[in-house]
Amino acid sequence: MKRDDIAIDEGFRAAAVHGFYPLVLDDAGRAGIRFADPKRDAIADLLTDPTLLPDAEISLRVFPSTRELHGYEAAAAEFGGNSVAVIAGPSGRDGALALVLRYDRERELGLGVNDSIKLIAPQDKATQDLGRDLARGWMVQKEFQAKRSADAAFMQGWAPVADLLDQNSVFTQRSDSGSGALSFRYSRGNLTEVWEGSVRRVPEGLLIAAHPRIRTRRDDDLNARLRAEAESRGYVFDENDVASRTVPALDLQEVERLKDAVGTLSLLELGFNREQKSRDDLGVILGDRENAQILDRIARGCPVAHSSSDRPMQMSPRSGKLHTVAWSRVTVLFKAGLIKPLYWTLQWEGRPTFVSLKTAVFGLTPSGKLAVAGERRAAAVDLPRDKAIAQYWNGYSVPDGFEFQFDGDSFKGIADPAQLEALGECVDEVLTVTNWKSKPTAPAQLAIVAAGVSCGRVRLEDQEFQLETSPAPRI
């Protein structure tokens, strides 16, 4: 609710002196009255009877700021002595209130409190705004106090259950839904593994329901696996990702069962959400016709050849013709974890990175092979690992045991022997009219040689390409 929309209580309106703020009696104070405190004073305590006012001239003063109010207080204390009392009141961005009592003068008699207290205030918009802000502030405090009291009474009614949960790191509070349920939150220390839930009273005892903070759409098979895991722990998992269980009463054993179920389900759901994202990402990338064609050629034994001096090239497995490949698409497929460098040379010495490649041959990753083979669900499981390896090529720190190694076995993709034999015939024809280089630098040459490795016409040995078969190429 916006602050401007807060309804002002009629009791406050009736008691607010000149529309600004109400007063209450204060037997402990020197003046005998003070400004009301919304945290401890009820509407019934507000002063509306003028006969209860102290025997002194009383004025309500509005100051432009608290600084000016404090200056007035200091002057009154120095020059007024015991005959003047200044009671500072609430303040806002448009000013501050104070009651001034003059004991050397008589109180004005009036039918109401407003008639008995003079108002000394600037007649401007700031004064009007101050009155509205103070009234809204009063109501906000009252609503807060009412909610705090209701929450305390509610938690008192749930004290045995709440205490047991809180003592075992399942933190409770009053539900905001107004359903009378006790809300809880449980985390094993990771913000991505937080589950919230509720405990409500039902005729059979207590219904414990837990659900994750973050929900996402998942395929039916992933939801089925999550439901099966919940049921194996005694919880029913519904289509809204809510795991629930009815128990006669809550004890320590049941709390531990809840923590075990929620902790396990949170990890599983986190993994399934990542797997679902991988599936969705694969669907977007493979749904692009040009991406699919590039991957299909790689799968048939024609990797993508890259050179820092020219555009990437790829040989056709059917005709032997060379196709230009957009570098932007190579980058997309690489970052997606579907292709990786199988062979490379660097522009400068040091650790290989994506930007330091002088020449490179890109082939399928394990998840890329599965995706092209139509096994997208299996590919989605491996995709995060291959994406992580792509990050190593982007300069991220590598884990112990990881090495940047050539992968001659992946040149052939997932082509079967018949496909490789047909590709070999294309390579033979091209090699007869191609100048041979053991370390080709032009993308066209490198693409042909890479296809030759796939079908066994060329072998990769000691970071160089060597011919395996005749006919010998033209020198």
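The values are calculated or read from the model by the stated rules, or taken from the named source; none is laboratory data. Since the structure is predicted, the reported quantities are computational estimates derived from the model, not experimental observations. So basically every Cβ, Gly included, is an ideal-geometry build from the backbone, and we count neighbours across all protein chains shown. Please note that ligands, DNA and RNA were not included when accessible areas were found on the heavy atoms of the full protein model with its side chains. Shrake-Rupley method; radii C 1.70, N 1.55, O 1.52, S 1.80 Å.
As a summary of the residue check, residue 24 satisfies the conditions (1) over 22 Å from residue 130 (Cα atoms); (2) in contact with a Lys or Arg (Cβ under 8 Å, 6 or more places away or on another chain) except for the one numbered (1). Checked against (1) surrounded by 14 or more Cβ atoms within 10 Å (Cβ to Cβ); (2) farther than 26 Å from residue 425 by Cα; (3) touching a strand residue (DSSP E or B) at 6+ places or on another chain (Cβ under 8 Å); (4) at pLDDT 90 or above, residue 235 passes all but a single condition, namely (4). Selection of the stretch 128-171 for residues being open to solvent by less than 50 Å² (accessible area, probe 1.4 Å), over 30 Å from residue 36 (Cα atoms) and touching a residue at least 24 places away in the same chain (Cβ under 8 Å) yields 158, 161, 164, 165, 168, 170. Can we say residue 224 is farther than 23 Å from residue 165 by Cα, assigned to a helix (DSSP H, G or I) and out of contact with any strand residue (DSSP E or B) (no Cβ under 9 Å at 6 or more places or on another chain)? Yes: the conditions hold for residue 224.
Of 450, 444, which residue is in contact (Cβ under 8 Å) with a residue 60 or more places away in the chain, surrounded by fewer than 22 Cβ atoms within 10 Å (Cβ to Cβ) and small (Gly, Ala, Ser)? Of the residues listed, the single one that is in contact (Cβ under 8 Å) with a residue 60 or more places away in the chain, surrounded by fewer than 22 Cβ atoms within 10 Å (Cβ to Cβ) and small (Gly, Ala, Ser) is 444.
In the stretch 383-407, the residues that are without any contact (Cβ under 8 Å) to a residue 24 or more places away in the chain reach residues that are part of a helix (DSSP H, G or I) with C-beta atoms within less than 6 angstrom, at least six apart or across chains, in these pairs: 398/392. Filter the stretch 1-30 down to the residues that are over 16 Å from residue 49 (Cβ atoms) and either among the aromatic types (Phe, Trp, Tyr) or at pLDDT 85 or above (or both) and list them by number. Across the stretch 1-30, the qualifying residues are 12, 18, 20, 21. Listed by position, the strands (runs of 3 or more DSSP E) inside the stretch 1-109 whose residues that are without any contact (Cβ under 8 Å) to a residue 24 or more places away in the chain and surrounded by 14 or more Cβ atoms within 10 Å (Cβ to Cβ) number at least 3 are 84-92. Output yes when any residue across the stretch 339-357 is within 29 Å of residue 417 (Cα to Cα), assigned to a loop (DSSP other than H, G, I, E, B) and in contact (Cβ under 8 Å) with a residue 12 or more places away in the chain, and no when none is. No: zero hits. Count of the stretch 265-287 residues, restricted to those that are out of contact with any helix residue (DSSP H, G or I) (no Cβ under 7 Å at 6 or more places or on another chain) and either open to solvent by less than 50 Å² (accessible area, probe 1.4 Å) or part of a helix (DSSP H, G or I) (or both), is 7.
Got at least one residue in the stretch 190-200 being assigned to a helix (DSSP H, G or I) and in contact with a strand residue (DSSP E or B) (Cβ under 8 Å, 6 or more places away or on another chain)? Scanning the stretch 190-200, I find at least one residue that is assigned to a helix (DSSP H, G or I) and in contact with a strand residue (DSSP E or B) (Cβ under 8 Å, 6 or more places away or on another chain), so the answer is yes.
Taken as a whole, the condition of being out of contact with any Pro (no Cβ under 8 Å at 6 or more places or on another chain) and either farther than 27 Å from residue 462 by Cβ or modelled with pLDDT of 90 or more (or both) does not apply to residue 382. Taking the stretch 240-263, which residues are open to solvent by 30 Å² or more (accessible area, probe 1.4 Å) and in contact with a Lys or Arg (Cβ under 9 Å, 6 or more places away or on another chain)? Passing the criteria: 240, 245, 257, 259, 260. Evaluated against (1) farther than 19 Å from residue 364 by Cβ; (2) among the aromatic types (Phe, Trp, Tyr); (3) in a loop (DSSP other than H, G, I, E, B), residue 465 falls short on exactly one condition, (3). Residues considered: 345, 353. Of these, the only one that is touching a helix residue (DSSP H, G or I) at 6+ places or on another chain (Cβ under 7 Å) and over 20 Å from residue 279 (Cβ atoms) is 353. Quick check: is even one residue across the stretch 262-273 under 30 Å from residue 203 (Cα atoms), among the aliphatic types (A, V, I, L, M) and touching a residue at least 24 places away in the same chain (Cβ under 8 Å)? The answer is yes; a qualifying residue exists. Scanning the stretch 304-362 for residues that are of a type in the set (S, T, N, Q), within 22 Å of residue 286 (Cα to Cα) and either open to solvent by less than 20 Å² (accessible area, probe 1.4 Å) or more than 34 Å from the chain's Cα centre (by Cα) (or both) yields 314, 316, 324.
Yes or no: residue 378 small (Gly, Ala, Ser), within 22 Å of residue 295 (Cα to Cα), open to solvent by 30 Å² or more (accessible area, probe 1.4 Å) and touching a Ser or Thr at 6+ places or on another chain (Cβ under 7 Å)? Considered against the rule, which asks whether it is small (Gly, Ala, Ser), within 22 Å of residue 295 (Cα to Cα), open to solvent by 30 Å² or more (accessible area, probe 1.4 Å) and touching a Ser or Thr at 6+ places or on another chain (Cβ under 7 Å), residue 378 comes out as no. Just one of (1) open to solvent by less than 60 Å² (accessible area, probe 1.4 Å); (2) modelled with pLDDT under 85 fails for residue 411. It is (2).
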